[in-house]
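Note sheet for the following structure.
The values are calculated or read from the model by the stated rules, or taken from the named source; none is laboratory data. None of the values given here were measured: they were computed from a predicted structure. Every residue, glycine as well, gets a Cβ built from its backbone with ideal geometry; the counts of neighbours run over all protein chains shown. Only protein heavy atoms, including side chains, enter the accessible area calculation; ligands, DNA and RNA are left aside. Shrake-Rupley method; radii C 1.70, N 1.55, O 1.52, S 1.80 Å.
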Amino acid sequence: MLQLNNLSKIYRTSEVETTALDNVNIEISSGEFAAIMGPSGCGKSTLLNIIGMLDTPSSGEYLFMGENIAGYSEALLSNIRKRNIGFIFQSFNLIDELTVSENIELALLYHSIPISERRDRVATVMDKVGIAHRAGHMPSQLSGGQQQRVAVARAVVGDQAMILADEPTGNLDSSHGQEVMEMLQALNEEGTTIVMVTHSPSHADFARRTINLFDGQVVAENIRAA
């Protein structure tokens, strides 16, 4: 699905140059579940942002579905991103003024989908993640675990091929964190590619492969036995 070849990211100011990623080479196949781990500041979020086309590399290649997109404009990247990638964030990123169903439906407004189909898709995905009974509630009326279920539903309602999850359990207790990981595992078993940043070794164990970063470089990769 995606391949990073000698990819680097350097942030520059007038006085400081910081290398966030240093000649990273990673290939992730369609249907894979990969966890990215490493200490704070090692480049995990930068890597996820580049994979998600929210940031661009300073050098190297980024092949997405066989197409080198490293030099694409933001408009082109945005179109590819909307069609193919869903995001789950640690802080949920729900809109307080919208109900559960409206927050999920928002992800479909950028697509040319009739309103009746949008509502059907939202209803289906709410059932899938067990949040249908909260459809008319506001985010402030939900627990942290329920809010993350809404975020998962929003990420998958457009049938995106890949989900990027940045510390998806970071703001949850262990019980709700386990529930979210089981949802991600179920989505992966249905064929969705998942790339997740996590600090939790136990949550990384849900992934088939773990990629360890240190100082912007891939220092180890481990494949879990089936």
Revision key, fill the gap. Candidates GLY66, GLY144, GLY31; GNM for the chain (alpha-carbon contacts under 10 Å) flags as most fluctuating GLY66
**Study point:** Where ILE51, ILE113 fall by accessible area, highest first, once all protein chains stay in place (1.4 Å)
**Key:** ILE113, ILE51
Practice item. Take every DSSP beta bridge with both residues inside the chain and express the antiparallel ones as a percent of the total, to the nearest 5. Key: 55
Study note, to complete from the structure: When the chain is treated as a Gaussian network with springs between alpha carbons less than 10 Å apart, the largest mean-square fluctuation among ASN93, ASN171, ASN79 is found at ASN79
Exercise for review: With N denoting the number of residues in the chain, provide Rg(C-alpha) divided by 2.2 N^0.38 Å, to two decimal places.
Suggested key: 1.02
Check your understanding: Gaussian network model of the chain, Cα springs within a sub-10 Å range: biggest mean-square fluctuation belongs to which of VAL100, VAL152, VAL129?
Key -> VAL129
Review point. In straight Cα distance, which lysines are under 18 Å from LYS44, not counting same-chain residues fewer than 8 positions off?
Key: LYS9
Check your understanding: What's the FRET efficiency of ALA135 with ARG83 using the Cβ-Cβ distance as r and R₀ = 22 Å, to the nearest 0.05?
Key -> 0.25
Review point. On a 0 to 90 degree scale, rounded to 10, what angle separates helix 74-84 from the longest Cα axis of the chain?
Key: 50
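Helix-derived [θ] at 222 nm for the chain: sum -39500 (n - 2.57) over DSSP H runs of at least 4, divide by residue count, nearest 500?
Numbers: 7 runs with 72 residues, N = 226.
Calculated mean residue ellipticity at 222 nm is -9500 deg cm²/dmol.
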**Study point:** All aspartates and glutamates inside 18 Å of LYS128 as judged from Cα atoms, apart from same-chain residues fewer than 8 positions distant
**Key:** GLU102, GLU105, GLU117, ASP120, ASP159, GLU179, GLU182, GLU189, GLU190
